[in-house]
1. Given the criterion away from the ligand (no atom under 12 Å from the Cβ) and not aliphatic (A, V, I, L, M), identify the matching residue among B:49, B:73, B:66.
2. So residue B:31 passes all but one of these: (1) on the phi > 0 side of the Ramachandran plot; (2) within 14 Å of another protein chain (Cβ to nearest Cβ). Which condition number does it fail?
3. Kindly provide the set of residues from the stretch A:516-552 that are surrounded by 17 or more Cβ atoms within 10 Å (Cβ to Cβ), within 14 Å of another protein chain (Cβ to nearest Cβ) and under 30 Å from residue A:505 (Cβ atoms), ordered by number.
4. Just name the residue that is farthest from residue B:109 (Cα to Cα) out of those in the stretch B:124-158 that are more than 16 Å from the ligand (Cβ to nearest atom) and in a helix (DSSP H, G or I).
5. Could you list all residues from the stretch A:504-519 that are within 20 Å of residue A:573 (Cα to Cα) and in contact (Cβ under 8 Å) with a residue 40 or more places away in the chain?
6. Would you confirm whether or not the stretch B:25-33 contains a residue that is buried (at least 16 other Cβ atoms within 10 Å of the Cβ), of a type in the set (Gly, Ala, Ser), at pLDDT 95 or above and more than 14 Å from the ligand (Cβ to nearest atom)?
7. For the stretch A:450-471, enumerate the residues that are surrounded by 15 or more Cβ atoms within 10 Å (Cβ to Cβ) and either of a type in the set (Val, Ile, Thr) or in a loop (DSSP other than H, G, I, E, B) (or both).
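The values are calculated or read from the model by the stated rules, or taken from the named source; none is laboratory data. Small disclaimer: the values here were computed from a predicted structure and weren't measured. So basically every Cβ, Gly included, is an ideal-geometry build from the backbone, and we count neighbours across all protein chains shown.
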Amino acid sequence: MEQFLMQLFIFLGAAVIAVPLAKKAKLGSVLGYLIAGIVIGPFGLALIGDIEAVMHFTEFGVVMMLFLVGLELKPSLLWQMRTPILGMGGSQVLLSFAVIAVACAFVLPWQQSVAIGLTLALSSTAIVLQTLREKGLMNTSPGQSIFSVLLFQDLAVIPMLAIIPLLATAGVHAEAHHGPSLFDITALPGWMRLIVVLLAIGLIYVVGTYASRPIFRAIAATRVREIFVATALALVIGISLLMTLVGLSPALGTFLAGVVLADSEYRHELESDIEPFKGLLLGIFFISIGASLNFTLIREQLGLIGGLVVGLILIKGLVLYFVARVFRMPGNARWMFTFALAQGGEFAFVLFQFARTNGVLPQGLTQTLISVVAISMFLAPLLFILYEKLIASRLKEATPERPADEIEESGRSVILAGFGRLGTDLGRLLISAGIKPIILDHDETNVDVLRRFGFEVYYGDATRLDLLEAAGAEEADLIISTLGDHEKSLELVKLVQKHYPNLKIAVNAEDRKAAFEFMDLGVNTIRRETFGSALTLGQDALELLGFDPYEAYKIRRLFRKKDKETMPELYQIYCEDLDTYRSMYQKHNANLVELMKKDREIDMEELDKAWTAANPET
Amino acid sequence: MKKILVLFAHPAFKRSKMNAALRAAIEDLEGVTFHDLYASYPDFLIDVPREQDLCESHDIIVFQHPFYWYSTPAILKEWMDLVLEHEWAYGSTGNALAGKISFQALTAGGDITNYRAGGMNMFTIRELTTPYRATANLCKIEWLPPFAVLGIHQGLSEEECIQRAEEYRRTLIALRDERLDLDRAKECEFLNQDLDAILKQV
Ligand SMILES: Cc1cc2nc3c(=O)[nH]c(=O)nc-3n(C[C@H](O)[C@H](O)[C@H](O)COP(=O)(O)O)c2cc1C
């Protein structure tokens, strides 16, 4: 136990020191983790033990990451991406494989060349996606292309796992077939296997679409947060197990589950629950990659490994550039695509080990290749920085219209916190104006009903920072709080002001005093809940009493204006002394009547008089 | 019997004397639809299709309003801006108003001596209302000179008010029953300058 805690402490401690430093140096968190790994690894301070086990365990971070990516991709969106996924992804994998395999075939037997070609065609989903997200490039068009390719690669792992054992030349190691222990799918005939796989995918779909909602609702109703977290984790882990059982990639399975749940109202809640686990696991995963760099080996084979790294990056880069050209990406995007994906991926560690145990690759060669991949992964964030420094900044000047486009695209997003009676009508108004708010509400039955009416409503407590984050507070323009609970609403405002200083705030206040408390926080856009309908009802009343409709309308407007004008004064008094405030408030109401009366007299008559004055004859 | 639509605009009707008198004289006439724009659209959100339907279902359109700044109260401008759509009111296929008769019924503070060259308002009412006349022309509307009540600032006596209101009523009835000589009317400065002269004898 102590041993475990000690290891955990070292990992976390290294991350805590290295990541902020790396960020400060504008290197990105991935590089920070990798460096931390080298430092605490066997060739640095030698603080950690079984790296391979750690790496194996934390690979799960990749699975979680794909789940999160899936959550952000609605099925319709995924369908739209079918061409880039199959086209770009397919050609990248096939071409990279072909070129690498042919190159290897000059010195190695063809079986080994094929295995190496397949494995090295893959790039690092973990590093690339993390980098793109960190730099906010996920939703740009090259970002989407890159993602498509990575997705295809994850798919491609499955047939690769099937092909590699067929390439065996040496005797199979005893430890091969260490496959799933519960039930061995490879024992089944081919058609049965296919059925089992289809059933598993069907199960994910059915559970995601039909069963997940009642389950999540029941769990949300308990209001025990950690049970929701537990459910989310159980979901991801369960799917991974299922996928491993039927011989599919767990990352792919959870990705699918994510896509299925992307339409769910619990999406943001799931996102914010899984996110920290993913972050931690991936972080430790990156650290273990750094730690696994075998410097003795690298020193011994410095020339060979160095040459292979350069060769790998060059070949993959050329293939990527070629693919980007064929698919007509514009200049800037083409380079980003090329630089982002030119490295080996974490799947290589798995596949090379797999190839070794299946007697395809010899031990020594595997070690060398793993070092090559690890170094190329280490270089990946650096390459991306190089791209940004050299190419992006230069091209930006040449094509200034591109980035401006994207800003407009992401603009005008609104988070609506609280979707009670007030929020509902507000939401309807915004939607009618073509603005689709992201709605957060804490009442699960409410959420359910509204969902059925086609609102984009998500379950969760809006005063939770992680939920705000998941709802996109970072990119949003405006947050509107219509939370019924005044204290909660104040809390939300403080939270937003602290963490998203650029987010505009508009609030609903239940009464004048509540409004003052928002004014205390410096909120400018405050509407008193019942004020608007009181005035409108007042206007109706005047009309029913025989007032001219236009006059009734103007009285309402004037009243509102006057009331607004007295607000600062009342606020002043409220700030100074609450008791005087109360008496003054009553007096002010009397004043208001006085003011209103005057105002109505002035209104048009004054204009008329002015005209008369201009007529000397009268 | 022709159908008459009176589009009425007065932002402070509660304090109106002249327009109130005019309104009272014609509001209940058979064949007359009285449509108070400020009351219908206090927030200026004019229902364009409804207004167009109203126009289409009437033969004569009267714009009744006090003269404000040598023009109309604001809502009438908004009405024209929105309702007189291209290819409805004007343009090659815009014939919805073609052949209809229209005129202004206006009340003004200044009197006839103010409204002439050298007078305090420099121009005649006829000159000052040319934008309205040009609008009628563009929309292929048969234009008539305004029905005018001038000199309100001098203070109209009670009898005078009643007399003007009665003239207004007679004018609308004559138009409704097609007893007004349109050609002769067009030559007048104001419709009500000599009403008997332009009434067709029966
Ligand atoms: C804002 C305003 C502008 C006016 N502009 C004019 C004008 O340009 N010429 C004029 O003769 N009278 C002008 N008047 C006087 C009105 O025309 C006059 O008060 C009105 O016709 C009286 O009718 P009522 O009793 O129905 O209100 C103006 C009055 C107001 C209030």
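1. Details: B:73 fails: away from the ligand (no atom under 12 Å from the Cβ); B:66 fails: away from the ligand (no atom under 12 Å from the Cβ).
Result of the check over B:49, B:73, B:66: B:49.
2. In the conditions (1) on the phi > 0 side of the Ramachandran plot; (2) within 14 Å of another protein chain (Cβ to nearest Cβ), residue B:31 misses (2) alone.
3. Hit for the stretch A:516-552 is A:539, nothing else.
4. Keep residues of the stretch B:124-158 that are more than 16 Å from the ligand (Cβ to nearest atom), which gives B:133-145.
After this cut, where a residue has to be in a helix (DSSP H, G or I) as well, the list is B:133-138.
Values: B:133: 21, B:134: 24, B:135: 25, B:136: 25, B:137: 28, B:138: 29 Å.
Filtering first and then ranking leaves B:138.
5. Applying the first criterion (within 20 Å of residue A:573 (Cα to Cα)) to the stretch A:504-519 yields A:509-519.
Of everything in the stretch A:504-519, those that are within 20 Å of residue A:573 (Cα to Cα) and in contact (Cβ under 8 Å) with a residue 40 or more places away in the chain turn out to be A:512, A:513, A:515, A:516, A:519.
6. Yes, some residue in the stretch B:25-33 is buried (at least 16 other Cβ atoms within 10 Å of the Cβ), of a type in the set (Gly, Ala, Ser), at pLDDT 95 or above and more than 14 Å from the ligand (Cβ to nearest atom).
7. Once the filter is applied, which keeps residues that are surrounded by 15 or more Cβ atoms within 10 Å (Cβ to Cβ) and either of a type in the set (Val, Ile, Thr) or in a loop (DSSP other than H, G, I, E, B) (or both), the stretch A:450-471 yields A:455, A:456, A:457, A:460, A:461, A:462, A:463, A:464, A:471.
Residue-by-condition table, conditions (1) over 21 Å from residue B:156 (Cβ atoms); (2) within 14 Å of chain A (Cβ to nearest Cβ); (3) of a type in the set (Gly, Ala, Ser):
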residue: B:108; (1), (2), (3): no, yes, yes
residue: B:113; (1), (2), (3): no, yes, no
residue: B:118; (1), (2), (3): yes, no, yes
residue: B:121; (1), (2), (3): no, yes, no
residue: B:128; (1), (2), (3): no, no, no
residue: B:137; (1), (2), (3): yes, no, no
